[in-house]
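A.B. asks: Here it is, the structure in full.
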Amino acid sequence: LQGLPNPFEATRYHSLIVKRETLPETLRVTAWTAEQEIMGLQHRRLPVFGVQFHPESILTAAGKDLLQNFLALSRAFRRRRR
């Protein structure tokens with residue numbers, strides 16, 4: 001994603017994780033912790049994204065940029081569908 005540091009610190013308020021071995025081939029891992037826990041996913045063909053942290057949290061320093069990237073992707077997809 002544009003304008004995001006790599007890596008960046010993110011905040012999560014739970015201990016839920018996605019097990020890599022349970023992922024279907026249609027999903028691609030896009031973010032993970034230092035311990036290799038999955039924190040972000042993207043569908044390989046559809047504009048579907050998910051995160052296991054809180055980008056809206058003030059403790060996620062790059063959260064605003066991440067949300068702006070998501071909105072830009074959403075708007076671009078919507079324009080292509082018209």
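Values in this text are rule-based calculations from the coordinates and carry no lab data. Predicted model, so just to flag it, every value in this text is computed and none were measured. Because the Cβ atoms are built from the backbone with ideal geometry, glycine has one as well, and the counts that use them run over all protein chains shown.
A.B. asks: How many nm separate the modelled label positions at THR11 and ALA61, each set 7 Å beyond the Cα in the direction of the Cβ?
C.D. replies: The answer from the label model is 1.4 nm.
A.B. asks: Mind checking the stretch 9-70 for trypsin sites (Lys or Arg not before Pro) that DSSP puts in a loop (not H, G, I, E or B) and that have at most 11 other Cβ atoms within 10 Å? Numbers along the way, then the final one.
C.D. replies: Values: sites: ARG12, LYS19, ARG20, ARG28, ARG44, ARG45, LYS64; in loops: ARG12, LYS19, ARG44, ARG45.
Loop-located and lightly packed - LYS19, ARG44, ARG45.
A.B. asks: Tell me which label goes with the value of volume of the Cα convex hull per residue in Å³ computed from the coordinates here: (1) 117; (2) 147; (3) 100.
C.D. replies: Of the listed options (1) 117; (2) 147; (3) 100, (3) comes from this structure.
A.B. asks: Could you check which residue among LEU66, LEU41, LEU23 shows the biggest mean-square fluctuation in a GNM of the chain with a 10 Å Cα cutoff?
C.D. replies: LEU23
A.B. asks: Along the Cα→Cβ direction, 7 angstrom out, place labels at LEU46 and THR33. What is the inter-label distance in nm?
C.D. replies: Here the answer is 2.8 nm between the modelled labels.
A.B. asks: How far is it, in nm, from the label point at PHE70 to the one at GLU25 when both lie 7 Å from their Cα along the line to the Cβ?
C.D. replies: 2.9
A.B. asks: Summing -39500 (n - 2.57) over the DSSP H runs of n ≥ 4 in the chain and dividing by its residue number, what mean residue ellipticity at 222 nm do you reach, to the nearest 500 deg cm²/dmol?
C.D. replies: Taken over the chain, the calculation gives -8000 deg cm²/dmol.
A.B. asks: Right, here's the next one. What does DSSP give for the chain in terms of the percent of beta bridges that are antiparallel, rounded to the nearest 5?
C.D. replies: Working: 8 of 8 bridges.
Looking only at bridges with both residues in the chain, the antiparallel portion is about 100 percent.
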